[in-house]
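The values are calculated or read from the model by the stated rules, or taken from the named source; none is laboratory data. None of these values were measured; they are calculated from a predicted model. Cβ placement follows ideal geometry from the backbone for every residue including glycine, while neighbour counts extend to all protein chains displayed.
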Amino acid sequence: MLLRSVLNPWVPRVGRRLYRILAIESSCDDSCVALLDRKSPTSTPDIVDEAKVTLNSAKVGGIIPTAAHEFHQISIAKLIQGFCHKHNLTAQSPPDLICVTRGPGMVGSLSASLQFAKGLAVAWNRPLVGVHHMLGHLLTAMLPSKENAGTQPQYPFLSLLCSGGHTMLVLLRSLTDHQVIINTSDIAAGDSIDKCARELGLTGNMLGPELERYVESIDLETRLKFASANHSTGENDFDFKLRMPMRSPKHKKIPDVIEFGFASFLSTIEGYKSAKFANEPMDAITKRFVAFKLQEVLFDHIINRINVAFIKHGNVGDESDGLFAGVQDFVCSGGVAANSTLRQKLFHNLNSGTPLKFHFPDLRLCTDNATMIGNAGMFIFEELRVKSDFGILPIRKWPMDELLVADGWDKVSEEEFALVTGWK
Ligand code: ZN
């Protein structure tokens, strides 16, 4: 039953044609908040504002879960206090819907914002939606972006989610019908890139972009020379051998289960360093060559596996099972999607058999953010007409296809839907 607070009465405003969503995200090392305006069921929501603070892990060389938990406890309340003050979100003028990341992610990190969001929802007498973080990433293509002005992907579509925590190709048939086509067999692409960049001596809090900048700083002539140098046999000036995973004869051309694998990039670079540079630092030109080849081969591996998926399920050749029938849109999201080398390879080297429309969400929406959580929570609330029970717990591992299998979903009544949205 819908509670009506005496102090904070929820006055029906049917016909107001606008509702506001406050979203909070803290599944990993970013504390994020965002405010979205939803004007109609057919238009994309307006992103009013978003704010983020990030734990600095540069010195310790990786995210420590207890440090992240502590960081969110220190930062979340202050971040949201300032944000609410800025946008006049008060008990007298609260937002209409609260969305928060429920999982997957580090439980300590998740619980910091989940508890805070529950408190706001109780205090302001507003419904809460506990959002799947990956659904947030996958639906970022539904938000307005500079590159795809006004065009959204249409179901069914393919989405490559490529970040520090996940690397997967997902077929989305609807808001709740997702099939993971390719997943990683070991670590995520972004994790591998970070660890390899650190092995090469790069520093910073965002090692993926650092590596990209480092490779882009190599002059064009040298890059062209590097590009033509053989790397699969190691017959090059640097004796550096980097083979694309899963291309050896023992791997079937079309395997039963198509997988990515990124751990071998790190072990190759570690092995090369200890064999050739055990007693001296790696010289600059070798470092550039290894960094260049790492980006090339790692992204070629992603493209290669997706092309195998197109043979198996798409419109390429006669071995297809037709799973990708009707797919016309391809979304690339997640932190690694910001890499321009990966984008170029997707444009030029994917062999899909049919023309694809590419969607690259704006770069700032490709990393973890609260806007994507508000956007996904909005779809859950509007299309599925459900909200979260206030007793929900964070979910550390939450498979993509178990969005609604999780406990704690309550049906939203017609009355509550109208109260929140202002739509009849
Ligand atoms: Zn993420």
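Some values worked out for this structure:
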quantity: Residue list for region 218-275, restricted to those being β-branched (Val, Ile, Thr), outside any loop (DSSP other than H, G, I, E, B) and farther than 29 Å from residue 165 by Cβ; calculated: 222
quantity: Output for region 244-270, where each listed residue is without any contact (Cβ under 8 Å) to a residue 12 or more places away in the chain and of a type outside the set (Asp, Glu); calculated: 248, 249, 250, 251, 252, 257, 267
quantity: Considering residues of region 315-363 that are charged (D, E, K, R) and touching a residue at least 24 places away in the same chain (Cβ under 8 Å) only, the residue surrounded by the fewest Cβ atoms within 10 Å (Cβ to Cβ); calculated: 319
quantity: Which listed residue is in contact (Cβ under 8 Å) with a residue 40 or more places away in the chain and surrounded by fewer than 19 Cβ atoms within 10 Å (Cβ to Cβ), from 293, 312, 273; calculated: 273
quantity: Residues that are in a helix (DSSP H, G or I) and either in contact with an Asp or Glu (Cβ under 9 Å, 6 or more places away or on another chain) or under 20 Å from residue 153 (Cβ atoms) (or both), drawn from region 308-323; calculated: 309, 310, 311, 312, 313
quantity: Meets criteria (touching a Lys or Arg at 6+ places or on another chain (Cβ under 9 Å), of a type outside the set (Ser, Thr, Tyr) and outside any loop (DSSP other than H, G, I, E, B)) for residue 390; calculated: no
quantity: Residue count, region 322-349 (criterion: farther than 15 Å from residue 170 by Cα, away from the ligand (no atom under 16 Å from the Cβ) and touching a helix residue (DSSP H, G or I) at 6+ places or on another chain (Cβ under 6 Å)); calculated: 4
quantity: Extreme residue, modelled with the lowest pLDDT, among residues of region 136-168 that are surrounded by 24 or more Cβ atoms within 10 Å (Cβ to Cβ), more than 11 Å from the ligand (Cβ to nearest atom) and within 30 Å of residue 94 (Cα to Cα); calculated: 141
quantity: Selection within region 39-53 - touching an Asp or Glu at 6+ places or on another chain (Cβ under 8 Å) and more than 18 Å from residue 146 (Cβ to Cβ); calculated: 39, 41, 52, 53
quantity: Total residues in region 324-379, condition in a helix (DSSP H, G or I), over 28 Å from residue 40 (Cβ atoms) and among the polar types (S, T, N, Q); calculated: 4
quantity: Near pairs, Cβ below 6 angstrom, 6+ apart or cross-chain, from region 166-192 (more than 27 Å from residue 378 (Cβ to Cβ) and polar (S, T, N, Q)) to any residue that is within 16 Å of the ligand (Cβ to nearest atom) and part of a loop (DSSP other than H, G, I, E, B); calculated: none
quantity: Test: residue in region 107-119 that is in a helix (DSSP H, G or I), among the β-branched types (Val, Ile, Thr), under 25 Å from residue 379 (Cα atoms) and in contact (Cβ under 8 Å) with a residue 60 or more places away in the chain; calculated: yes
